[in-house]
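The values are calculated or read from the model by the stated rules, or taken from the named source; none is laboratory data. Note that this is a predicted model, so its numbers are computed, not measured. Note: ideal-geometry Cβ built from the backbone for every residue, glycine included; neighbour counts use all protein chains shown.
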Amino acid sequence: MTGFISIIICTRDRAHILSRALRSLARQTVHFEKYEVIVVDDGSRDDTSEECERLRSELPNMKYVPAGEHVGTGRAGNIGLKSARGEFLAFTDDDCIVKEDWVERMTAALHQEPIIAGTIASPTENRMKLCHNIDEFHLFSPGRKAGPVDFIAGANMGLRRSVLEELNGFRESGQMCEDMELVLRARQKGYRPYFVPDILVTHDPDRSAFLPVLKHAALRASETVHLRNQYRSLLKTPFVIRSPLLLLACAPLIALKVTAGIYLDNRRLARYFWTAPVVYVLKLAWCWGAARSLRTHKSKKAESQ
């Protein structure tokens, strides 16, 4: 099967977990000649460059690309795109471990569909990591069936180069959620991501305590809520998401509805029903973070007028 694929990982100050991700990419079922791994170092101050050099013997098809200063995930992704030579492009994160057949299956899937979303599994030994992954990646959890989906996640996604070039790459102005913004632009152009369950990574982040996971949920909301409103006609965003006061007032019901839907839509998650109270609190944190961001945005807009 033809079709060279470039794997892009953007990283910053996480050499200790980056090495784990790279070793999983070194144990693939396809030969090194079939793919390349591009590590974009987004201004790391730790020993990321040294760690990549140490792993070069295990992963001879790796290319280390320093971004210089800290430029953000969007620009780092575009730097990776410019450095890649593949017809296909796949992305994962430095806190992910890819399955041994990940490259093989992603390549095969991109021959069939222009945008691919894969499964994002979670370690089950740590309660908070499992709750965090269910909260953030339930749309891509094991147990989901193959088919078209509305979103992709940067932890496990693939695109044909032609699609990324048509979209002019990633947005560089945001702080996070570039993957969500990218796919929304793609959907406006008529593309629809396709979910393939067998393309699997395990997301094993550093965040393993309640407070950091709670803060992350609120921080992510501060970006995603604006994207939901910016693309409200595409996403059919309800009016309540546009008003900080309404969002806070309805937060308990919104969080309850979303949490219940997570477990009802995927029977495999039912075995982890005991995570539901924490996931509910994380959804409340999303509402709070979104409302706070909406209020700040409105205040700044009023001041500029």
message = Given the options L294, L282, name the one that is surrounded by 12 or more Cβ atoms within 10 Å (Cβ to Cβ), assigned to a helix (DSSP H, G or I) and touching a Pro at 6+ places or on another chain (Cβ under 6 Å).
response = L294
task = Kindly indicate the residue of the stretch 91-142 that is small (G, A, S) and part of a helix (DSSP H, G or I) and also surrounded by the fewest Cβ atoms within 10 Å (Cβ to Cβ) among those meeting that condition.
result = A108
key: Close pairs (9 angstrom Cβ cut-off, 6 or more residues apart or separate chains): within 21 Å of N78 (Cα to Cα) in the stretch 90-117, among the charged types (D, E, K, R) and part of a strand (DSSP E or B) anywhere   = L110/R160; P114/R160; I115/R160
inquiry  = Which residue is nearest to V196 (Cα to Cα), if the candidates are limited to the stretch 81-90 and must be part of a strand (DSSP E or B) and not aromatic (F, W, Y)?
reply    = A90
request  = Considering each of E33, E58 in turn, give the residue that is part of a helix (DSSP H, G or I) and either more than 20 Å from the chain's Cα centre (by Cα) or at positive phi (or both).
outcome  = E33
key: Among (1) within 21 Å of R220 (Cα to Cα); (2) more than 16 Å from the chain's Cα centre (by Cα), the one test that E87 misses   = (1)
query = Which one of E178, E166, E172 is crowded, with 20+ Cβ neighbours inside 10 Å and either in contact (Cβ under 8 Å) with a residue 24 or more places away in the chain or not β-branched (V, I, T) (or both)?
reply = E178
query = Is it true that T11 is under 17 Å from the mean Cα position of the chain (by Cα) and not small (G, A, S)?
reply = yes
key: Filtered residues of the stretch 15-35 (kept if buried (at least 20 other Cβ atoms within 10 Å of the Cβ) and of a type in the set (S, T, Y))   = Y35
message = I'd like the full set of residues that are acidic (D, E), farther than 22 Å from I115 by Cα and either buried (at least 19 other Cβ atoms within 10 Å of the Cβ) or touching a His at 6+ places or on another chain (Cβ under 6 Å) (or both), limited to the stretch 36-72.
response = D41, D42, E51
request  = Keeping to the stretch 99-115, report how many residues are in contact with a Lys or Arg (Cβ under 9 Å, 6 or more places away or on another chain) and under 30 Å from K189 (Cα atoms).
outcome  = 8
message = Exactly one condition in (1) at pLDDT 95 or above; (2) assigned to a loop (DSSP other than H, G, I, E, B) is false for D150; which is it?
response = (1)
task = Check A251, A217 and return the single one that is assigned to a helix (DSSP H, G or I), outside the structural domain of I116 (by TED's automatic domain parsing) and within 25 Å of G143 (Cβ to Cβ).
result = A217
query = Is one or more of the residues making up the stretch 199-221 out of contact with any Phe, Trp or Tyr (no Cβ under 8 Å at 6 or more places or on another chain) and within 30 Å of Q112 (Cα to Cα)?
reply = yes
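Yes or no, residue by residue, for (1) in a loop (DSSP other than H, G, I, E, B); (2) assigned by TED's automatic domain parsing to the domain that holds V278; (3) modelled with pLDDT of 95 or more:
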site: L159; (1), (2), (3): no, no, yes
site: Q175; (1), (2), (3): yes, no, no
site: R187; (1), (2), (3): no, no, yes
site: Y191; (1), (2), (3): yes, no, yes
query = Of the residues R12, R75, which single one is surrounded by 14 or more Cβ atoms within 10 Å (Cβ to Cβ) and touching a Ser or Thr at 6+ places or on another chain (Cβ under 6 Å)?
reply = R12
